[in-house]
Amino acid sequence: GDSVTQMEGPVTLSEEAFLTINCTYTATGYPSLFWYVQYPGEGLQLLLKATKADDKGSNKGFEATYRKETTSFHLEKGSVQVSDSAVYFCAANAGGTSYGKLTFGQGTILTVHP
Amino acid sequence: DTAVSQTPKYLVTQMGNDKSIKCEQNLGHDTMYWYKQDSKKFLKIMFSYNNKELIINETVPNRFSPKSPDKAHLNLHINSLELGDSAVYFCASSQGSRGHSPLHFGNGTRLTVT
C-alpha cells in the first residue's frame with residue numbers, strides 16, 4: 001500500500017536557521033503530495049501542495065519540490081521564525097480510486113527558539 | 001466564520017459509555033472525513049462520505065458508526081467506549097473525492113476514556 005516516511009523529530013532550531021524536513025513516499029501511480037502544519041490545539045492546515053512531477057509548492061516562505069525520480073517532497077525554509085513552531089505532516093494521495101484517502105507521514109515536531 | 005466545526009472540543013467519559021461527536025462544514029464541499037490522531041500524532045483515516053454516501057471505511061471496529069444526514073454534516077457515534085479509543089478525532093472536508101483537492105480540518109475533539 002501507499003506509505004509516507006518523514007524525517008524523525010523533534011527538530012529544534014534557532015530563529016533564522018535553515019529548515020529541511022525530509023519526506024519520501026511510495027505509491028502506485030502518480031500521487032498528489034501535500035505538506036500540512038498543525039499548530040498546538042488546532043487542526044491541520046494545508047501549507048503547500050504539488051500535483052505532478054517537478055511542481056514546486058510554496059507558501060509563507062516554505063517550499064517543496066515534487067521529485068519523481070527520488071520519490072521525495074522535502075520541505076524547506078530559508079529562515080525560520082519562532083511562530084513556525086508546530087508539527088509538520090507530509091501526505092500523499094494516489095487519487096484514482098483512492099478518493100481522498102490521504103496517507104500521512106508520522107509528523108515532525110519543530111521547535112524554534114529565539 | 002469557522003469552516004469545519006466539531007463539537008465537543010473535549011470529551012471525557014468512562015469505559016462502556018456511548019458518545020457522539022458532531023461535525024459541520026460551511027464550505028459547500030461534497031466530501032467529508034473522520035481521522036483519528038493517536039498520542040504520537042499519527043493520523044489515520046477512519047471514514048469518508050461523498051454526497052452522503054460512504055466511500056471509505058477503513059478497518060475500524062463496528063462500535064464506530066458514522067452518519068451523514070446531509071453533505072454538510074458528518075457525525076461519529078461510538079458505542080461501548082474502550083480505553084484505546086482515547087485520541088483526538090478530526091473531521092475534514094474537501095471538494096471532490098479524487099484526492100487532488102486539499103482537505104480542510106476541524107480543530108479536533110480530544111476524547112479521553114477513563
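Any read-out appearing in this document is the output of simple, stated calculations on the displayed coordinates, not a laboratory observation. For clarity, every value in this text was computed on a predicted model and none was experimentally measured. Note: ideal-geometry Cβ built from the backbone for every residue, glycine included; neighbour counts use all protein chains shown.
A few comments on the model shown:
- Pairwise Cα distances in the protein assembly as shown exceed 24 Å in 44 percent of cases.
- Distance violations [Cα-Cα > 27 Å] among A:Lys60/B:Lys71; A:Lys49/B:Lys41; A:Lys56/B:Lys9; A:Lys60/B:Lys67; A:Lys68/B:Lys71; B:Lys44/B:Lys67: A:Lys60/B:Lys71; A:Lys56/B:Lys9; A:Lys60/B:Lys67; A:Lys68/B:Lys71
- Highest average packing first - A:7-16, A:44-53, Cβ atoms within 10 Å: A:44-53, A:7-16
- Percentage relative contact order, chain B, counting C-alpha pairs under 8 Å, at least six apart: 37
- Anisotropy class assigned to region A:21-101 is oblate, per the alpha carbon gyration tensor with a/c at or over the 1.5 cut-off and a/b no larger than b/c.
- Prolate/oblate/rounded label for region B:24-101 (Cα gyration tensor, a/c 1.5): prolate
- Under 16 Å from the Cα of B:Lys40 - aspartates and glutamates, other chains or at least 8 residues apart: A:Glu8, A:Glu42, B:Asp85
- In nm, spacing of pseudo-spin labels at A:Asn22 and B:Ser5 (7 Å Cα→C-beta vector): 4.4
- Rounded to the nearest 20 debye, the dipole size of chain A about its Cα centre is 340 debye, using +1 on the Cβ of Lys and Arg and -1 on the Cβ of Asp and Glu.
- Across chain A, C-alpha contacts under 8 Å between residues 6 or more apart give a mean separation that, scaled by the residue count, equals a relative contact order of 37 percent.
- Where trypsin sites (Lys or Arg not before Pro) fall in DSSP loop in region B:46-114, at most 13 other Cβ within 10 Å: B:Arg63
- Among the GluC sites (Glu not before Pro) in region A:44-114, those placed in a DSSP loop whose Cβ has at most 15 other Cβ atoms within 10 Å are A:Glu69.
- Residue separation of B:Thr114 and B:Thr59 scaled by 0.36 nm, minus their Cα-Cα distance, works out to 17.4 nm of gained length.
- Alpha carbon centroid spacing (whole Å) that separates region A:33-97 from region B:42-88: 26
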